[in-house]
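The block underneath contains the structure these notes are about, expressed in structure tokens.
The values are calculated or read from the model by the stated rules, or taken from the named source; none is laboratory data. Computed from a prediction, not measured in an experiment: that's the story for all the values here. Glycine also receives a Cβ, built like all others from the backbone with ideal geometry; neighbour counts cover every protein chain displayed. For the accessible areas, the whole protein counts, side chains as well, though only heavy atoms, and no ligand, DNA or RNA atoms are used. Shrake-Rupley method; radii C 1.70, N 1.55, O 1.52, S 1.80 Å.
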Amino acid sequence: MYVYADNAATTSLSKKALEAMTPYFCETYGNASSLHSPGQRAAEALQRARETVAGAIHADFKEIYFTGGGSEADNQAILTGAAIGARKGKKHIISTAFEHHAVLHTLDKLKKQGYEITLLDVHENGVVTARQVADAIREDTALVTVMFVNNEIGTIQPIAEIGAVCRERGVLFHTDAVQAVGHIPVDVEALNVDMLSMAAHKFHGPKGVGALYARRGVPLVNVIEGGQQERGKRGGTENIPGIVGMAAALEEAVTGLDRNMAYVTALREKLIGGLSKIPHSRLNGDREKRVPGTVNFCFEGIEGESLLLLLDARGIAASSGSACTSGSLDPSHVLLALGLPHEIAHGSLRLSIDAYNTEEEIDHIIRSVPEVVDYLRDMSPVWDALERGETPHLI
Amino acid sequence: MALYSDKVMDHFQHPRNVGKMEDADGIGEVGNAVCGDIMRMYIKVRDGIITDVSFITFGCGSAIASSSMATEMIKGMPIEKALELSNKAVAEALDGLPAHKLHCSVLAEEAVRAAVKDYYDKHDIAYDPAIFGCDVACAHQHDHDAPAEA
Ligand SMILES: Cc1ncc(COP(=O)(O)O)c(C=O)c1O
């Protein structure tokens, strides 16, 4: 048995999406900008996909701009907010400390260009409040950007409430909904958002394609200059197979949403219950305000990369926020933003499941993780010191 | 995962000489939990020869593999030879380590030296402090390179 429990990193392509995409490689391969009939058939497919994606989030099709993925959508939304603000002399942006790097690194870039960035504290439970946003908004605030669902710990942010605050104060609001779309209900009207990012590969669509929703009247700034594709806001011949696949995957996800949410939530509860029995472990992020499938634990006294490698050898694909897995020296900025000490954050494990997982798979995880944790603790000088009382347990 | 050589994976999944040693003659511990890796090395010495060695390690796959390999390399060696064990030799014996994991082999070298120093200190054996440099732990330096993300 090999259990894929890393769906927050990426997902497999759904069969329906693959079937929907297939004709657009070798049969209907025209350029959607061409006037001939193969081109026009591609343009029609593009339009249908745009309507499907718009429908899934209760937007108008004219508000959907296809991109090369979630990162590009995030970049474009933030650069747009910054540019609109700058025209009015507003150069302050509010975000959170645990955004994806597609957001944080774009904000870093703007900081170097003279923008002032406020990163809100996400508290120990990984949830910001609308109150914090209200308190942080100033006369010169150009943009608020807060992620819908955190990719490492799965906590859900109060987007509708934050949106209401932003609307009342006249501040543009963007949400990175890459981990939300296809997993929980997303309705741009109810959420009061002006811009919203999504990525197909997080809901069983293809990689390298995403979309930015921009409310009518929000003048997008180009990240990619080129032809008149995407109403001139994103140059480049459209990735028709990818876009068609994204629409098919999203339609499937939204159709089965209620059933999948109930099913995945039940699996998750079982998973949390099983892993919580491991002594000196801790579930990261709010117990209630979380997406169905993402679970993040810290285990004291062990390091995440070795945990991942041993789980892989036992047929479980997971991820970790340890420094060794991030390729840097510091553990994940998300876990540090929760206030976890470095030595605890190094021992983190993210399991992200979805409707493709089975109960047998969850059982396999619940059996394997404690064994691997025990094995690593047995050879850990950190655990030895904890057990002998030389250093105090932190969790 | 193709991150590591087969040798590294072998020593990581089947570490040699792992475990605590109750009657060790020298114990060396290097690294720190904040950085994400700690190695503790135990040695037994008879007539100037390292007759037994074991380790426990908190860290990533390459840290565990480097510890394991270092114990194999110094077992049966005269102490002076063990002090010559270089991080490069450990990394080479593992068929190489990814660049950002080379510090794990440095840690293994330092753990051996720390264990020998502890042995000398505990047994009142005179030595030239210069052979251990300023402080065994201080040579353990990583460079804060740019974070990557999956
Ligand atoms: C919250 C979040 N934002 C943005 C991204 C980036 O999306 P992509 O990899 O499609 O560019 C991801 C996924 O990696 C994510 O989880």
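Any chance the stretch A:319-329 includes a residue that's touching a strand residue (DSSP E or B) at 6+ places or on another chain (Cβ under 6 Å), more than 9 Å from chain B (Cβ to nearest Cβ), part of a loop (DSSP other than H, G, I, E, B) and surrounded by 22 or more Cβ atoms within 10 Å (Cβ to Cβ)? Among the residues of the stretch A:319-329, at least one is touching a strand residue (DSSP E or B) at 6+ places or on another chain (Cβ under 6 Å), more than 9 Å from chain B (Cβ to nearest Cβ), part of a loop (DSSP other than H, G, I, E, B) and surrounded by 22 or more Cβ atoms within 10 Å (Cβ to Cβ), which makes the answer yes. Within the stretch B:3-15, if we keep just the residues that are within 12 Å of chain A (Cβ to nearest Cβ) and in a loop (DSSP other than H, G, I, E, B), the residue that is modelled with the lowest pLDDT turns out to be B:L3. If a residue must be without any contact (Cβ under 8 Å) to a residue 60 or more places away in the chain, hydrophobic (A, V, I, L, M, F, W, C) and either open to solvent by 40 Å² or more (accessible area, probe 1.4 Å) or closer than 17 Å to B:A63 by Cβ (or both), how many such residues does the stretch B:78-127 contain? Selection size over the stretch B:78-127: 9. Just the residues that are farther than 27 Å from A:V373 by Cα and charged (D, E, K, R), please, taken from the stretch A:237-288. Across the stretch A:237-288, the qualifying residues are A:E238, A:E251, A:E252, A:D258, A:R259. For the stretch A:154-192, a residue qualifies if it is more than 11 Å from the ligand (Cβ to nearest atom), among the hydrophobic types (A, V, I, L, M, F, W, C) and closer than 29 Å to A:R268 by Cα, and the qualifying residues are A:I156, A:I159, A:A160, A:I162, A:I184, A:V186, A:V188, A:A190, A:L191.
Please determine whether any residue of the stretch A:232-241 is more than 16 Å from the ligand (Cβ to nearest atom), among the hydroxyl-bearing types (S, T, Y), over 19 Å from the mean Cα position of the chain (by Cα) and more than 30 Å from A:A83 (Cα to Cα). No, the conditions are met nowhere in the stretch A:232-241.
Conditions (1) crowded, with 24+ Cβ neighbours inside 10 Å; (2) modelled with pLDDT under 95, marked per residue:
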{"site": "B:M41", "(1), (2)": "yes, no"}
{"site": "B:V45", "(1), (2)": "no, no"}
{"site": "B:I49", "(1), (2)": "no, no"}
{"site": "B:F55", "(1), (2)": "yes, no"}
{"site": "B:C60", "(1), (2)": "yes, yes"}
{"site": "B:A65", "(1), (2)": "yes, no"}
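Looking at the stretch A:343-364, which of its residues are open to solvent by less than 10 Å² (accessible area, probe 1.4 Å) and closer than 30 Å to B:G31 by Cβ? Of everything in the stretch A:343-364, those that are open to solvent by less than 10 Å² (accessible area, probe 1.4 Å) and closer than 30 Å to B:G31 by Cβ turn out to be A:I344, A:A345, A:H346, A:G347, A:S348, A:L349, A:L351. Within the stretch A:65-101, the set of residues being touching a helix residue (DSSP H, G or I) at 6+ places or on another chain (Cβ under 9 Å), away from the ligand (no atom under 16 Å from the Cβ) and not basic (K, R) comprises A:A82, A:H92, A:I93, A:I94. Checked against the criterion of being over 22 Å from A:G245 (Cα atoms), open to solvent by less than 10 Å² (accessible area, probe 1.4 Å) and assigned by TED's automatic domain parsing to the domain that holds A:Q228, the candidates A:H36, A:H92 yield just one match: A:H92.
Here is a check on your reading of the model: is A:A59 away from chain B (no Cβ under 14 Å), within 18 Å of A:V181 (Cα to Cα), more than 14 Å from the ligand (Cβ to nearest atom) and open to solvent by less than 50 Å² (accessible area, probe 1.4 Å)? Spell out how you get there, then give the answer.
Working: away from chain B (no Cβ under 14 Å): yes; within 18 Å of A:V181 (Cα to Cα): yes; more than 14 Å from the ligand (Cβ to nearest atom): yes; open to solvent by less than 50 Å² (accessible area, probe 1.4 Å): yes.
Criteria met by A:A59.
Taking A:L104 as the residue in question, decide whether it is surrounded by fewer than 22 Cβ atoms within 10 Å (Cβ to Cβ), under 23 Å from the mean Cα position of the chain (by Cα), within 14 Å of chain B (Cβ to nearest Cβ) and within 16 Å of the ligand (Cβ to nearest atom). Judged against the criteria, A:L104 is a match. Only one entry of A:E251, A:E300 meets the criterion of being touching a residue at least 12 places away in the same chain (Cβ under 8 Å) and within 28 Å of A:D384 (Cα to Cα), and that entry is A:E300. Kindly indicate whether any position in the stretch A:297-309 is farther than 24 Å from B:L3 by Cβ, within 13 Å of chain B (Cβ to nearest Cβ) and either part of a loop (DSSP other than H, G, I, E, B) or in contact with a Pro (Cβ under 6 Å, 6 or more places away or on another chain) (or both). Yes, the stretch A:297-309 contains a residue that is farther than 24 Å from B:L3 by Cβ, within 13 Å of chain B (Cβ to nearest Cβ) and either part of a loop (DSSP other than H, G, I, E, B) or in contact with a Pro (Cβ under 6 Å, 6 or more places away or on another chain) (or both).
Selection of the stretch A:132-156 for residues being over 19 Å from A:H92 (Cβ atoms) and charged (D, E, K, R) yields only A:E152.
Restricting the search to the stretch B:1-26, which residues are within 14 Å of B:E72 (Cβ to Cβ) and within 16 Å of the chain's Cα centre (by Cα)? Can you show your working first?
Pass one, the stretch B:1-26, residues within 14 Å of B:E72 (Cβ to Cβ): B:7-8, B:10-12, B:14-18.
Residues satisfying the conditions are B:V8, B:H11, B:F12, B:P15, B:R16, B:N17, B:V18.
Taking each residue of the stretch A:338-365 that is under 12 Å from A:D6 (Cβ atoms) and looking for partners that are surrounded by fewer than 18 Cβ atoms within 10 Å (Cβ to Cβ) and among the polar types (S, T, N, Q) with beta-carbon atoms closer than 9 Å, six or more apart or interchain, yields A:Y356/A:S12. I need the full set of residues from the stretch B:21-39 which are open to solvent by 10 Å² or more (accessible area, probe 1.4 Å), within 7 Å of another protein chain (Cβ to nearest Cβ) and in a loop (DSSP other than H, G, I, E, B), in order please. Residues satisfying the conditions are B:A33, B:V34, B:C35.
Taken together, the criteria place A:L257 among residues that are modelled with pLDDT of 95 or more, under 18 Å from A:G154 (Cα atoms) and in contact with a His (Cβ under 9 Å, 6 or more places away or on another chain).
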